[in-house]
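Bear in mind these aren't lab numbers, they're just calculated from the coordinates by the rules spelled out. Small disclaimer: the values here were computed from a predicted structure and weren't measured. Counting neighbours? That spans all protein chains shown, and the Cβs are built from the backbone with ideal geometry, glycine included.
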Ligand SMILES: NC(=O)c1ccc[n+]([C@@H]2O[C@H](COP(=O)([O-])OP(=O)(O)OC[C@H]3O[C@@H](n4cnc5c(N)ncnc54)[C@H](OP(=O)(O)O)[C@@H]3O)[C@@H](O)[C@H]2O)c1
């Protein structure tokens with residue numbers, strides 16, 4: 001599968017790109033094509049501007065800051081009919097702790113409103129970029145929200161192509177706020193308890 005990473009030069013985009021490039025054709029997207037090409041060369045991928053990456057891919061992952069989400073409207077036609085995964089967590093740091101940044105809705109639903117002809121899912125939000133450097137070290141769950149089971153299955157295929165990640169379906173995209181809110185919690189838990197990076201894993205009685 002050809003997967004574009006919008007924001008592929010950032011910490012999260014690079015980590016995802018490095019792992020996904022082992023089994024997919026990855027296109028690192030950047031506002032600066034030269035920066036995209038330099039980042040892509042490090043992970044056996046190719047690099048381009050956002051619009052070319054969006055046009056050429058089968059599916060895209062959006063790994064840009066929440067503050068930059070408006071730029072996604074310009075990619076609506078290029079991403080029409082495609083799966084688009086949001087990893088965006090709207091967060092702010094105040095009085096020594098991370099807080100969720102929105103009163104209503106979620107980044108993923110906002111992204112879906114900018115890409116009305118795409119199939120948007122939220123995934124990877126609670127996986128830190130550090131995990132992708134050594135995925136063999138810990139088994140994690142990736143909570144996925146999407147408006148149809150088919151979109152979940154498509155996103156889950158991408159999640160499962162990275163070792164040690166198990167996709168779990170959370171229901172419709174309106175569940176994304178709950179998923180995104182887990183991230184400030186785990187960052188605060190790691191900070192307060194001095195555990196080092198944390199991730200999510202749900203345990204059943206069968207485990
Ligand atoms: N870091 C993590 O561990 C982690 C984990 C889970 C989710 N996330 C989410 O992933 C997203 C990216 O996080 P990150 O830590 O990878 O951030 P980052 O290192 O700052 O990278 C973000 C990338 O977004 C691109 N970008 C596009 N428009 C931008 C703008 N107006 N201002 C700044 N950058 C812009 C930049 O690429 P170009 O300059 O090349 O265009 C940049 O490399 C965030 O929404 C975050 O909540 C991060």
*Taking a quarter of the surface of the convex hull around the Cα atoms of the chain, what do you get in nm²?*
11.5
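Would you mind telling me the antiparallel percentage of the DSSP bridges in the chain, rounded to 5?
Working: 6 of 33 bridges.
For the chain, the DSSP antiparallel bridge percentage is about 20.
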*asked:* Once you place label points 7 Å from the Cα toward the Cβ at residue 134 and residue 92, how far apart are they in nm?
replied: 3.6
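Between residue 31 and residue 202, how high is the FRET efficiency from 1/(1 + (r/R0)^6) when r is the Cβ-Cβ distance and R₀ = 45 Å? Nearest 0.05.
After rounding, the FRET efficiency stands at 0.75.
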_Cα long-axis angle, helix 176-193 against the chain (0 to 90 degrees, to the nearest 10)_ = 60
*Distance-filtered residues of region 131-155 - backbone nitrogen under 15 Å, label point 7 angstrom along residue 22 Cα→Cβ*: 131-140
*For helix 11-20, what angle does its Cα long axis make with the longest principal axis of the chain, in degrees from 0 to 90 and rounded to 10?*
70
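Just for region 1-112, what percent of DSSP beta bridges are antiparallel, to the closest 5? Please list the in-between numbers first.
On the way: 4 of 21 bridges.
Roughly 20 percent of the beta bridges in region 1-112 run antiparallel, per DSSP.
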*List the relative contact order of region 2-193 as a percent without decimals, with contacts defined as Cα pairs under 8 Å and 6+ residues apart.*
18
_Global form of region 21-131, assessed from the alpha-carbon gyration tensor, a/c cut-off 1.5_ = oblate
_Crossing angle, helix 149-160 versus the chain [Cα axis fit, 0-90 degrees, rounded to tens]_ = 80
*Inter-centroid distance (Cα atoms) of region 4-50 relative to region 139-207, Å*: 23
*For the chain, what is the mean residue ellipticity at 222 nm derived from helices alone (per DSSP H run of n ≥ 4: -39500 (n - 2.57); sum divided by total residues; nearest 500 deg cm²/dmol)?*
-9500 deg cm²/dmol
*asked:* Would any residue of region 47-90 have its amide N under 19 Å from a label point 7 Å out along Cα→Cβ of residue 1? List them or say none.
replied: 53-64, 78-88
